[in-house]
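Undergrad: I am attaching a structure below and will ask some questions about it afterwards.
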Amino acid sequence: MFGRRHCLAVARTNKSADPIETAARLVVEDPGGALELLLESWRDTHDGQLGQVIEEVGGRKVRPLEDLPIKVTARRDRLVTLVRAADARELSSVLAACESFARNGTAAITLPVLEACDERDEDPRIARLALRLLTDPPPRCSKVLARQLLRLVERHGDPGVRVDPATDLELDATRVERVRAKLAKRATARVPASALRAFASTGSSSAGTDEATPLIEQIAAHPDDDGPRIVLADWLTSRGDPRGELITLQLARREAKPSAAAKRREAELLANHRAGMFGPFAQCVKRSGFKFERGFLTRAVASGIWPSHPLNALLEYVDFGLYPVSLEVELRSLVEAWNPPLDSLARLIARAPRLRTLGFTFTFEPDELAKACAQVPRSMTDLTISTWGASGARDCVAAVVRSPIAATATTLQVRASYPNETTVAMLWAMVPSSCSRFIFDIVSHPQMRVELRRDGAAWTLSGSIPAHEASQLPRLQDELARALAGMPKVAHATFEVARADAVAPVRRASASIAGTTVATKGSL
């Protein structure tokens, strides 16, 4: 077995040795040495995907820290010491303890621990810890603590982190935007995704024995068929595997409304056997935002390199978070894909015949996104492009709409926040001639939808304005007016609003359309 000193010596002295390849060979035998090699490469490149790999590899060996004092101040002092002294392998466990401490302590008692983190050399795991606390803040998170967390993200972050702090922290928006811009430009070199796939974890499945493999393959090959699932459920239940009971409960839910006892039992199974239920995705799925249907994972948010496995065929929604993707199987059920890595975009779309929605919350370079889209081998007839929270959203949408992906689309839906006249006019100019239905969802507050339908050469417009506060009416009028200014001339427009006090602002916003009907919900 090679020690970490030997690993580093080889990578440093042998110029032809790729440190990432060396780390991949040693990650099982010496994860600490592999992490040090990965960290050195990351500090040279600040590559976002490499930062995410470091987070995932370090997280595989996280263990509870023993002998932490019970007294809060003593525990704080112990954590400060551990943060300063931890090596690359130990740091993930220490940071997990720090996160737990931060969520249960006051801001004043937590701050010294975070300051100790800031004393360390740059490490992407520290940025991701800080980001989790910013996105889902502790109950007693002060402004001082929030600013320290943002500082950690700025110093230890890379383009792979999504800076989206909780709104109730009241961080200065200009400061947050500066951090986003700084991290977006921070990478000095790209690490090929192919070099990082070697770190993908295959995980384990509660139904992963050789005897179950043929049934798993049948389920993956025929996702809509309940027959193989029923057989597998009986087989697993006879062996005491909890997934068998979960399959049975969720199949029964399709036939009749589940009882309160059935709902409780399903929740207990997922809570008590979650790691096993995730199966091959156990090491790469966040423990929130997931969903199980008929016994298997169907909705997931990635937290690591996405593995190739037959059960990918059952996934309906995945936020890949720009993590590298190893896809050698058909994504037969995938309907919605968020933040796919650009080098895998064409392959992902080619293997997902039901895909309808592409979503982006990260910022891409328009030229790189356009190049990736141009390589996609097929067009999508029903296409939704969503850019919630992404700066540069207009360029993201434009790159997709101009590409072969939308060339023959009959229905095109765009979901974006805070549109303006230029954005809508630009998008409308790119709508393919095949399109007979164009939907623009304004994903802000208040939300609204503007839908255009074409019958020959004529367009008609319908709009929907959900419930809102009276204070939002001026903004509603302004945003709707800007959106409509970018639309083509239409013969008639119909708007349905949730409240009567929205009727007049909507009429004013749509004054340019000769035949306009505005009414409250249910009165049309």
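Undergrad: When you scan segment 447-461, do you find a residue that is among the hydroxyl-bearing types (Ser, Thr, Tyr) and either more than 30 Å from residue 405 (Cβ to Cβ) or surrounded by 16 or more Cβ atoms within 10 Å (Cβ to Cβ) (or both), even just one? Reasoning before the result, please.
TA: The first filter runs over segment 447-461 and keeps only residues among the hydroxyl-bearing types (Ser, Thr, Tyr), leaving 460.
Okay, now just the ones that are also either more than 30 Å from residue 405 (Cβ to Cβ) or surrounded by 16 or more Cβ atoms within 10 Å (Cβ to Cβ) (or both), so none.
Within segment 447-461, none of the residues are among the hydroxyl-bearing types (Ser, Thr, Tyr) and either more than 30 Å from residue 405 (Cβ to Cβ) or surrounded by 16 or more Cβ atoms within 10 Å (Cβ to Cβ) (or both).
So that you can scan it fast, the table gives a plain yes or no per residue for (1) within 30 Å of residue 338 (Cβ to Cβ); (2) in contact with a Phe, Trp or Tyr (Cβ under 7 Å, 6 or more places away or on another chain):
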| site | (1), (2) |
| --- | --- |
| 238 | no, no |
| 269 | yes, no |
| 279 | yes, no |
| 292 | yes, no |
| 298 | yes, yes |
| 303 | yes, no |
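Undergrad: For residues that are in a loop (DSSP other than H, G, I, E, B) and modelled with pLDDT under 85, tally how many sit in segment 434-464.
TA: To start, the set of residues in segment 434-464 that are in a loop (DSSP other than H, G, I, E, B) comprises 434-436, 443-447, 456-457.
Narrowing the set further to residues that are modelled with pLDDT under 85 leaves 443-447, 456-457.
Selection size over segment 434-464: 7.
Undergrad: Would you point out the residue of segment 58-71, among those that are of a type in the set (A, V, I, L, M) and surrounded by 13 or more Cβ atoms within 10 Å (Cβ to Cβ), that is modelled with the lowest pLDDT?
TA: From segment 58-71, those of a type in the set (A, V, I, L, M) are 62, 65, 68, 70; that's our starting set.
Right, trim to surrounded by 13 or more Cβ atoms within 10 Å (Cβ to Cβ) and you get 62, 65, 68.
On the way: 62: 65, 65: 74, 68: 79.
The residue in question is 62.
Undergrad: Identify the single condition in (1) modelled with pLDDT under 90; (2) in a helix (DSSP H, G or I); (3) basic (Lys, Arg) that residue 140 does not satisfy, given that it satisfies every other one.
TA: Failed condition: (2).
Undergrad: Which residues, taken from segment 348-361, are crowded, with 18+ Cβ neighbours inside 10 Å and not hydroxyl-bearing (Ser, Thr, Tyr)?
TA: Pass one, segment 348-361, residues crowded, with 18+ Cβ neighbours inside 10 Å: 348-349, 351-352, 355, 357-361.
Answer for segment 348-361, where residues must be crowded, with 18+ Cβ neighbours inside 10 Å and not hydroxyl-bearing (Ser, Thr, Tyr): 348, 349, 351, 352, 355, 358, 359, 360.
Undergrad: Now for a separate question. Taking residue 414 as meeting all but one of (1) modelled with pLDDT under 85; (2) in contact with a Leu (Cβ under 7 Å, 6 or more places away or on another chain), write down the number of the exception.
TA: Going through the list (1) modelled with pLDDT under 85; (2) in contact with a Leu (Cβ under 7 Å, 6 or more places away or on another chain), residue 414 breaks only (1).
Undergrad: Have a look at 174, 110 and point out the one that is outside any loop (DSSP other than H, G, I, E, B) and free of Cβ contacts under 8 Å to residues at least 12 places away in the same chain. Full working, then the answer.
TA: Details: 110 fails: free of Cβ contacts under 8 Å to residues at least 12 places away in the same chain.
The unique qualifying residue is 174.
Undergrad: Okay, moving on. Just one of the numbered conditions (1) part of a loop (DSSP other than H, G, I, E, B); (2) touching a helix residue (DSSP H, G or I) at 6+ places or on another chain (Cβ under 7 Å); (3) surrounded by 16 or more Cβ atoms within 10 Å (Cβ to Cβ) is not true of residue 488; which one?
TA: So residue 488 meets the others, but not (3).
Undergrad: Considering 287, 243, 264, which residue is surrounded by fewer than 17 Cβ atoms within 10 Å (Cβ to Cβ), basic (Lys, Arg) and part of a helix (DSSP H, G or I)? Give the derivation first.
TA: Details: 287 fails: part of a helix (DSSP H, G or I); 243 fails: surrounded by fewer than 17 Cβ atoms within 10 Å (Cβ to Cβ).
264 is the lone residue from the list that is surrounded by fewer than 17 Cβ atoms within 10 Å (Cβ to Cβ), basic (Lys, Arg) and part of a helix (DSSP H, G or I).
Undergrad: Here is a further query. Kindly indicate the residue of segment 188-200 that is surrounded by 19 or more Cβ atoms within 10 Å (Cβ to Cβ) and not in a helix (DSSP H, G or I) and also modelled with the highest pLDDT among those meeting that condition.
TA: 191
Undergrad: Hey, does segment 143-162 have a residue that's in the same structural domain as residue 76 (by TED's automatic domain parsing), closer than 27 Å to residue 69 by Cβ, part of a loop (DSSP other than H, G, I, E, B) and of a type in the set (S, T, N, Q)?
TA: Within segment 143-162, not a single residue is in the same structural domain as residue 76 (by TED's automatic domain parsing), closer than 27 Å to residue 69 by Cβ, part of a loop (DSSP other than H, G, I, E, B) and of a type in the set (S, T, N, Q).
Undergrad: For residues that are among the small types (Gly, Ala, Ser), surrounded by 18 or more Cβ atoms within 10 Å (Cβ to Cβ) and within 22 Å of residue 138 (Cα to Cα), tally how many sit in segment 76-104. Talk me through it step by step, then tell me what you get.
TA: Within segment 76-104, the subset among the small types (Gly, Ala, Ser) is 85-86, 88, 92-93, 96-97, 100, 102.
Now narrow it down to the ones that are surrounded by 18 or more Cβ atoms within 10 Å (Cβ to Cβ): 88, 92-93, 96-97, 102.
From what's left, within 22 Å of residue 138 (Cα to Cα): 92-93, 96-97, 102.
Count: 5.
Undergrad: In this structure, is residue 152 surrounded by 13 or more Cβ atoms within 10 Å (Cβ to Cβ) and under 26 Å from residue 109 (Cβ atoms)? I'd like the intermediate steps shown before the answer.
TA: Working: surrounded by 13 or more Cβ atoms within 10 Å (Cβ to Cβ): yes; under 26 Å from residue 109 (Cβ atoms): yes.
Yes.
Undergrad: Answer with yes or no whether residue 369 is within 19 Å of residue 183 (Cα to Cα), of a type outside the set (D, E, K, R) and part of a helix (DSSP H, G or I).
TA: Details: within 19 Å of residue 183 (Cα to Cα): yes; of a type outside the set (D, E, K, R): yes; part of a helix (DSSP H, G or I): yes.
Answer is yes for this residue.
Undergrad: Mind checking which residues of segment 159-179 are under 22 Å from residue 43 (Cβ atoms) and modelled with pLDDT under 90?
TA: Within segment 159-179, 159, 160, 161, 162, 163 meet the criteria.
The values are calculated or read from the model by the stated rules, or taken from the named source; none is laboratory data. All values derive from a computational prediction rather than experimental measurement. Virtual Cβ from ideal backbone geometry, glycine too; neighbours counted across all protein chains shown.
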